[in-house]
Amino acid sequence: MNDQDTILHKRPNYCPNCNSVVETDIVFTYTLNVSYTDELQNQGQEIILCKCLNCERPILIEEEFINIEEHSWVNSSTQLYPNADNVALKNAPEIVIKPYAEAYKCYRAQAYEACVIMCRKGIEAICKDKGESKGNLATKLLGLRSKQILDDTLYNWANELRLIGNDGAHSHDLIVTQQDAKDSIDFFDALITYLYHLVNQYNQLTSRRQANKQGV
Ligand SMILES: [Zn+2]
């Protein structure tokens, strides 16, 4: 085995489960769409299945690579699994997407207090977007509940994010753990999915069925 082989079988990767860059084993690679510009230059895609050596969970990555003579570059790298994308983000307004993206960035940087503060900011943004701007955040959330924009369960989730965010911002004794930060992002994610995706999808479904009925 030469050096190249050794490098091919291990590489550092971000593991979402460990939430850190860890050493991983490359279990399998699949190269596709390779095109040659000339004898010395080619480019293509590679799908790489890795195993985290810390928690043993799988990670699947897609890379666009380019090789020129003995040099090679990776132009883009996308993690396919576990998939962290939220389809609802496409429909959410900019003021909500921004704190969500920031919260995620903080989480990956292991800045868990900053993460929960960003989630709280995201809840503020949702209130603003839904027309609640008077009073403090607790009042605004009650406003959303009384308008039935949030049902009791979603109200409780949003209110919990407000409280965790308060702890992150004001308490010097309470420690925000990785799990707190992960849960905060998950609840924030669920609120976005409900408010900006599922509600629209439901409205589209009912109007489509209505139109079909009238067509018969
Ligand atoms: Zn791991």
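The values are calculated or read from the model by the stated rules, or taken from the named source; none is laboratory data. From a predicted model like this one, the values you see are computed outputs, not experimental measurements. All Cβ positions, even for glycine, are placed from backbone atoms using ideal geometry, and neighbour counts span all protein chains on display. We work out accessible area using only protein heavy atoms, side chains counted, and drop any ligands, DNA or RNA first. Shrake-Rupley method; radii C 1.70, N 1.55, O 1.52, S 1.80 Å.
Sum up the charges of everything whose Cβ sits under 13 Å from the Cβ of residue 76, counting Lys and Arg as +1 and Asp and Glu as -1, but leave residue 76 out. Before the final figure, lay out each step's value.
Numbers: positive: none; negative: 46, 62, 63, 64.
Residues near residue 76 contribute -4 overall.
I'd like the accessible area for residue 185, computed on protein heavy atoms only with a 1.4 Å probe and all protein chains in place. Round to 10 Å², please.
For residue 185, solvent-accessible area is about 10 Å².
Using a 1.4 Å probe, how large is the accessible area of residue 146, given in Å² and rounded to the nearest 10?
90 Å²
If DNA, RNA and ligands are ignored and the probe is 1.4 Å, what is the ranking of 147, 105 by accessible area, most exposed first?
Numbers: 147 105, 105 125 Å².
Listed by decreasing accessible area, they come as 105, 147.
Using the Cα centre of the chain as the reference point, and only Cβ charges (+1 on K/R, -1 on D/E), how large is the resulting charge dipole? Debye, rounded to the nearest 20.
On the way: 21 positive and 29 negative charges, 338 e Å.
Approximately 1620 debye in magnitude.
Work out the charge dipole of the chain with +1 on the Cβ of Lys and Arg and -1 on the Cβ of Asp and Glu about the Cα centre, then indicate which of 193, 106, 18 is farthest towards its positive end.
Sorting the options by dipole projection puts first 193.
What's the angle, to the nearest 10 degrees (0 to 90), between helix 178-193's Cα axis and the longest principal axis of the chain?
70 degrees
Helix 152-170 sits at what angle to the longest principal axis of the chain, using alpha carbons and giving 0 to 90 degrees rounded to 10?
Here the helix axis deviates by roughly 70 degrees.
Measure nothing but the geometry: give the 0 to 90° angle between the long axis through the Cα atoms of 137-146 and the longest principal axis through the Cα atoms of the chain, rounded to 10°.
Between helix and principal axis, roughly 70 degrees.
Consider a paramagnetic label point 7 Å from the Cα of residue 166 along Cα→Cβ; state which residues of region 131-151 have an amide N under 18 Å from it.
134-145
Taking the Cβ-Cβ separation of residue 70 and residue 108 as r and a Förster radius of 41 Å, what is the calculated FRET efficiency to the nearest 0.05? Don't skip to the answer; put the middle values down first.
Working: r = 33 Å, r/R0 = 0.80.
So, using R0 = 41 Å, E works out to roughly 0.80.
Tell me the net charge near residue 167. Cut-off is 12 Å between Cβ atoms, residue 167 excluded, with +1 for each Lys or Arg and -1 for each Asp or Glu.
Working: positive: 120, 162; negative: 113, 160, 173, 180.
Taking every Cβ under 12 Å from that of residue 167, the sum is -2.
For region 87-215, compute Rh as the Kirkwood radius over C-alpha pairs and then the Stokes-Einstein diffusion coefficient at 37 °C and 0.692 mPa s; write the answer in µm²/s, rounded to an integer.
Using the Kirkwood radius from Cα pairs, D works out to 214 µm²/s.
Test of understanding: what is the full-extension gain from residue 27 to residue 139, defined as 0.36 nm times their sequence separation minus their Cα-Cα distance? Provide the component values of the computation, followed by the final result.
Working: separation 112, 0.36 × 112 = 40.32 nm, distance 5.23 nm.
Extra length available between residue 27 and residue 139 comes to 35.1 nm.
Say the dipole of the chain comes from +1 at the beta carbon of Lys and Arg and -1 at that of Asp and Glu; which of 40, 93, 176 then lies farthest toward its positive end?
Checking the options against the dipole of the chain, the answer is 93.
Of all the accessible heavy-atom surface of region 87-215, with the other protein chains kept in place and a 1.4 Å probe, what percent is carbon and sulfur?
C and S fraction of accessible area: 51 percent.
Just need the relative contact order of the chain here, percent rounded to a whole number, with Cα pairs under 8 Å and 6+ apart. Mind showing how you got there, number by number?
Values: 306 pairs, mean separation 29.7, N = 216.
Taking the mean separation of contacting Cα pairs over the length of the chain, I get 14 percent.
Can you tell me, using C-alpha contacts under 8 Å and at least 6 residues apart, the relative contact order of region 87-215 as a whole percent? Spell out each step's value before the answer.
Working: 134 pairs, mean separation 42.1, N = 129.
Once divided by the residue count of region 87-215, the mean separation gives 33 percent.
Give the accessible area for residue 46 in Å² (nearest 10); use a 1.4 Å probe, count only protein heavy atoms, and leave out ligands, DNA and RNA.
50 Å²
Quick one: Karplus J couplings for region 96-111, per residue in order, coefficients 6.51, -1.76, 1.60, θ = phi - 60°, nearest Hz, x for Gly and Pro?
Those phi angles translate into 8, 5, 4, x, 5, 4, 5, 4, 5, 4, 4, 4, 5, 8, 6, 8 Hz.
In debye, nearest 20, what is the charge dipole magnitude of region 64-147 about its Cα centre with +1 on Lys and Arg Cβ and -1 on Asp and Glu Cβ, if you could check? Could you put the intermediate results ahead of the total?
Values: 12 positive and 10 negative charges, 185 e Å.
The dipole of region 64-147 has a size of about 880 debye.
Can you sort 106, 119 by solvent-accessible area, 1.4 Å probe, largest first? The partial results should precede the final answer.
Working: 106 25, 119 0 Å².
I get 106, 119, largest accessible area first.
Go through region 123-134 residue by residue and turn each phi into a ³J(HN,Hα) via Karplus (6.51, -1.76, 1.60, θ = phi - 60°); whole Hz please, and just put x for glycine and proline.
3J(HN,Hα) across region 123-134, in whole Hz: 5, 4, 5, 4, 4, 4, 4, 8, x, 9, 10, 8.
Taking a probe of 1.4 Å, how large is the accessible area per residue of the chain, in Å²?
On the way: 13710 Å² over 216 residues.
That works out to 63 Å² per residue.
State which entries of 98/140; 98/130; 90/121; 10/105; 90/128; 51/98 exceed 22 angstrom in Cα-Cα distance in the structure shown. Write down the numbers at each step before the final one.
Values: 98/140 20 Å; 98/130 16 Å; 90/121 19 Å; 10/105 26 Å; 90/128 18 Å; 51/98 32 Å.
Beyond 22 Å between Cα atoms: 10/105; 51/98.
Tell me, what ³J(HN,Hα) does each residue in region 24-39 have, in order and in whole Hz, if you take phi through Karplus 6.51 cos²θ - 1.76 cosθ + 1.60 with θ = phi - 60° and put x for Gly and Pro?
In residue order, the calculated couplings are 10, 8, 8, 8, 7, 10, 9, 9, 8, 6, 7, 10, 9, 6, 7, 4 Hz.
If amide hydrogens are placed 1.01 Å from N in the peptide plane, which non-local residues have theirs closer than 5 Å to the one on residue 150?
Hits under the 5 Å cutoff: 145.
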